[in-house]
Amino acid sequence: MKEFTLIFRLKDISDFKPSPEQIQERLNWLGSIAAQNKLVDKGNTLLPGTGAAKTVKPNNIVTDGPYTEIKEFISGYIIVRAESIDEVVEMAKGNPIFKMGGNIEIREVMKMKE
């Protein structure tokens, strides 16, 4: 099986604080993946605010926060295992982030040979 990262993006920082119901929906979604033994890493939430993030650019330039020129911010990630990216797309479709106007980027993880 291959591993894939699901990267969660939100458009509005006000959506970053989900309601208890939204949190439960997400936990239920994660639980369904874990029950299939396909959850590799439950991931983490990535804080979007100033002081919680830095961007390092060429020539040792460091700025506060994530890129401000993008219209979305990354709110978190998980890693799953699956036979194909299409299987992961089907997993992702059940995530409640879409109800908040968010989206999910899926990327295959390239494993380094030891």
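List of remarks:
- Counting only alpha carbon atoms, the long axis of helix 20-35 and the longest principal axis of the chain meet at about 50°.
- Pairs from 17/99; 42/93; 54/93 whose Cα-Cα separation, in the structure shown, is over 23 Å: 54/93
- Candidates 22, 47, 74 compared by Cα position along the dipole of the range 2-108: farthest toward the positive end lies 47, with charges placed on Cβ.
- Extension gain, residue 22 back to residue 45 (0.36 nm per residue minus Cα-Cα distance, nm): 6.8 nm
Read-outs throughout are calculated quantities, based only on the coordinates presented, and are distinct from any laboratory measurement. In this text the structure is predicted, and so the values were computed from the model without any measurement. As a convention, Cβ positions derive from the backbone with ideal geometry for all residues, glycine included, and neighbour counts pool all protein chains shown.
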